[in-house]
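Structure first, then comments.
The values are calculated or read from the model by the stated rules, or taken from the named source; none is laboratory data. Note that the structure is predicted; figures quoted are calculated from it, not measured. As a convention, Cβ positions derive from the backbone with ideal geometry for all residues, glycine included, and neighbour counts pool all protein chains shown. The area values use the complete protein model at the heavy-atom level, side chains included, leaving out ligands, DNA and RNA. Shrake-Rupley method; radii C 1.70, N 1.55, O 1.52, S 1.80 Å.
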Amino acid sequence: MSAITYELVKTDPETGARAGILHTPHGSFPTPIFMPVGTQGSVKGVSPEEVKELGGNIILGNTYHLFLRPGSELVKEMGGLHKFMNWDGAILTDSGGFQVFSLGELRKITEEGVTFRSHIDGSKKFLSPEVSMKVQMDLGSDIVMAFDECIPYPADYEYAKRSTERTTRWAKRCKDAMTSPDQGLFGIVQGGMYKDLRTQSVKELVELDFPGYAVGGLSVGEPKDLMYEMLDHTVKQLPENKPRYLMGVGTPDCLVEAVMHGIDMFDCVFPTRVARNGTAMTWDGRLVMKNSEHTHDKRPIEEGCDCYACRNYSRAYIRHLVRANEIFGLRLLSIHNLRFLQRFTAAMREAIIEERFGNFRREFLNNYIYGSKSKQED
């Protein structure tokens, strides 16, 4: 039996949105689920205990960064990433592919793998399907991602076709190299913005029978309507009894659309990144805390939010901290934003189970888009 399994609980009859349970060696968790990103083995500015209190059950670790520093051998020596970072929930590690391919001219792709220069010290490094699997086995994550090539946007058809076919060959090598029975290996669907290539990618990966499938190569600069078109085309062909993971997406409008298309899992640096820029996420859009309108505002970031920041501090105080470049202010915003996405995914799940997701989506998008337009930075 696979280390990772998916249990479908409910499908919304109007939209096809799904509520389920993701079973992992470190617990079973309701979906849709948002995974906070712990790039270096740490969610920026937030402790593992706080992540758990905010409702986080599974976090993402970055293979590329941990491969370069401190090195997977050290993490393995320390008992694996769970013990190293004192996290008893589940961990998903990406393959390192996206980070490597984003290096541009600093890397060279061959059939064997990718040679690149470290962004830390310029030293020459090599990642391949086999190396990526070894690193992720050293890390001991629950969910392991296959090493793939993330196709940039735009990309011509011939390049996308060659890349997609290479990703399939690499996926087979990953499956052969993954020998740990306590980890589940997900395949990553590629194909660029070409429907026939995405169909080909899905077909070939499903034949390899992975315990889960990620949709890669989206949210890489393409228009949102094109992203949703490719997502819809891809997800319809994925198995219903396996988890579906949309990589690198974390804005609420994209989450609600992707859930409507049948996605179960998400990750993104967005909530903590915008927090470090002084922005809060709310049901009515983004709130720029530097704005002068918050100077005398005694209200919390968001009425009804149960996070530590909203329970204890005013907008006026948080605005002061942000303008003074105080780390505590950015921590408070990070805590709020992470809690917001956990509350948001829980609300989507409840709407799916109660068969009202279509109305939930329409009402949310109306409030979110209208609210965002009224909160521009002054």
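Within the range 255-263, can one find any residue that is out of contact with any His (no Cβ under 9 Å at 6 or more places or on another chain), in a helix (DSSP H, G or I) and open to solvent by 30 Å² or more (accessible area, probe 1.4 Å)?
Yes: the range 255-263 contains one or more residues that are out of contact with any His (no Cβ under 9 Å at 6 or more places or on another chain), in a helix (DSSP H, G or I) and open to solvent by 30 Å² or more (accessible area, probe 1.4 Å).
Can you tell me which condition Asn337 does not meet? The list is (1) open to solvent by 20 Å² or more (accessible area, probe 1.4 Å); (2) in contact (Cβ under 8 Å) with a residue 60 or more places away in the chain; (3) closer than 30 Å to Leu8 by Cβ; (4) assigned to a helix (DSSP H, G or I), and all the others hold.
Failed condition: (1).
A quick yes/no check of all residues on (1) loosely packed, with under 15 Cβ neighbours inside 10 Å; (2) closer than 23 Å to Met247 by Cα; (3) in contact (Cβ under 8 Å) with a residue 40 or more places away in the chain:
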| position | (1), (2), (3) |
| --- | --- |
| Phe84 | no, no, yes |
| Gly89 | no, yes, yes |
| Thr93 | no, yes, yes |
| Gly97 | no, yes, yes |
| Val100 | no, yes, no |
| Val114 | no, yes, no |
| Ile120 | yes, no, yes |
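Quick one: count up the residues across the range 246-279 that are closer than 17 Å to Thr345 by Cα and among the small types (Gly, Ala, Ser).
4
Residues that are under 22 Å from the mean Cα position of the chain (by Cα): find the strands (runs of 3 or more DSSP E) completely inside the range 67-133 holding 3 or more of those.
90-93
Evaluate the range 218-238: report whether one residue or more is of a type in the set (A, V, I, L, M, F, W, C), open to solvent by less than 30 Å² (accessible area, probe 1.4 Å) and touching a residue at least 40 places away in the same chain (Cβ under 8 Å).
For the range 218-238, residues of a type in the set (A, V, I, L, M, F, W, C), open to solvent by less than 30 Å² (accessible area, probe 1.4 Å) and touching a residue at least 40 places away in the same chain (Cβ under 8 Å): present.
Within the bounds of the range 65-75, is there any residue that is in contact (Cβ under 8 Å) with a residue 60 or more places away in the chain and of a type in the set (Asp, Glu)?
Within the range 65-75 (the criterion being in contact (Cβ under 8 Å) with a residue 60 or more places away in the chain and of a type in the set (Asp, Glu)), the answer is yes, since at least one residue qualifies.
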